[in-house]
Amino acid sequence: MQIDSQSILPGHASAHGESNSSVSILLSLYNGAKYLAEQLASLEAQTHTNWVLYWRDDGSTDSSLSFMKAFSQKVGEDRCVLISDQNGQHIGVTASYTKLLAAVPSGTAVAFCDQDDVWFPDKLERGLDALAPFTAQPSLYCARQMLTDKSLSPLGLSPSLPDQTSFLAALTQNIATGCTLILSPAGAELLKKVLPGPQHILHDWWAYLMVSGAGGVIHVDNEPCLFYRQHGQNAVGARVQFAKRAFAALKRGPRLFMSIFRANTVYLMQRKQVLTPDNQQNLIFIADGLRRGISGVPARFSILRQLQQLRRHEKLEQLVFQVWFLFG
């Protein structure tokens, strides 16, 4: 698959200048009032100004709706659009974002937005410039984050992103953090084509799987594009230290990982028509080898031996993955 990687310093516009591309920003709210004002202010401060915010509430009981009403009055209802289908009903993160994705107009790029982060001013511009050469094909931009505490005091950078990736690698782990993710118009249309999204993983991993599986471009940016606030109530959160991340993975254990792996395989098999022929064949090979228990170990060993790209990007994580894949 095609990979494109570059580094652009935060706070500095790229050499391409501002694109006129329209961006649909998707925001799902759930009791986010405490930090929402700072995030909305960072959207207003974007150097790329051709954006429309589409949002829905996922059952908030705080003052989030009041913030959004005030913001809509400030920027105009044409730039802050409430998606009313099931608004206020708690349906979960992935379902909420897929509702928003289904509602946005065709022909726009799509940026996922969390309620408690703060975007760097050039976040949209950098992402759109990165995707500009690939407008005719599905493509995805993702970046690192500056991790902070709840008061936005820096804690360190999120883990570095790999220079190369693939669909098979995407099956083993997600590298595309949703709050950094931007889809090209073709990437957004690809995801709309395979709706509904899966409920066992988050929207960012879903997008990464589908775009890489369709042979699209995954553009990784190893410079941070936003402040990623860690406050103890994050839907996912992040860990700075590798040892802590590894321990958390071991604590979750192989059963959970393999149940997700199998569920991803089933979901993708049901939509394999959008995958490249090679990825279709590899997926069928994997699905055939996912028999449970000891009887499936020889088949899974053969999969690992023949599909070298079915791997995690860190050596220790890859060793854990191999053991889990064989015996989970």
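Of note:
- Between helix 315-327 and the chain: long-axis angle, C-alpha atoms, 0 to 90°, nearest 10: 60
- Folded to 0 to 90 degrees: helix 203-213 orientation relative to the chain principal axis, Cα: 60
- Scalar couplings 3J(HN,Hα) for region 303-309, obtained by applying the Karplus form with A = 6.51, B = -1.76, C = 1.60 to θ = phi - 60°, are 4, 4, 5, 8, 9, 5, 7 Hz; x denotes Gly and Pro.
- Farthest toward the positive end of the dipole of the chain, out of 70, 115, 195, is the Cα of 195, where the dipole comes from beta carbon charges about the Cα centre.
- Choice from 295, 28, 166 with maximal GNM fluctuation in the chain (Cα, 10 Å cutoff): 295
- Percent accessible area from carbon and sulfur atoms, the chain, protein chains only, probe 1.4 Å: 54
- 12 Å beta-carbon shell around residue 280, net charge (K/R +1, D/E -1): +1
- Extended-chain gain in nm, criterion 0.36 nm per residue less alpha-carbon gap, residue 200 and residue 297: 32.5 nm
- Most mobile listed residue (121, 162, 224) in the chain, GNM with C-alpha springs under 10 Å: 162
- The chain: antiparallel DSSP beta bridges as a percent of all, rounded to 5: 25
- Prolate/oblate/rounded call for the chain, Cα gyration tensor, a/c under 1.5 rounded: prolate
- Modelled spin labels at residue 62 and residue 91, positioned 7 Å past Cα toward Cβ, are 2.3 nm from each other.
- Surface accessible to a 1.4 Å probe, per residue, for the residues of the chain, Å²: 44
- Centre-to-centre separation between the Cα atoms of region 273-321 and those of region 126-182: 24 Å.
- Rounded tilt (10° steps) of 242-269 against the dominant C-alpha axis of the chain: 80
- Fully extending the segment from residue 305 to residue 262 would add 13.6 nm, taking 0.36 nm per residue of separation and subtracting the current Cα-Cα distance.
- Chymotrypsin sites (Phe, Trp or Tyr not before Pro) within region 112-166, DSSP loop, no more than 16 other Cβ atoms inside 10 Å: none
- A 1.4 Å probe, protein heavy atoms only, puts the accessible area of residue 90 near 110 Å².
- Flagged links, alpha-carbon separation over 27 Å, of 99/315; 69/150; 34/74; 74/192: 99/315; 74/192
- Inter-label distance, residue 315 to residue 77: 6.1 nm, where each label sits 7 Å from its Cα along the C-beta direction.
- Region 21-65 shape via C-alpha gyration tensor axes, a/c threshold 1.5: oblate
- Ligands, DNA and RNA excluded, the heavy atoms of residue 269 present near 60 Å² of accessible surface to a 1.4 Å solvent probe.
The values are calculated or read from the model by the stated rules, or taken from the named source; none is laboratory data. Quick caveat, the model's predicted, so the values are computed rather than measured. Backbone-built Cβ (ideal geometry, glycine too); neighbour counts: all protein chains shown. What goes into the accessible areas is simple: the full protein's heavy atoms, side chains included, and nothing from ligands, DNA or RNA. Shrake-Rupley method; radii C 1.70, N 1.55, O 1.52, S 1.80 Å.
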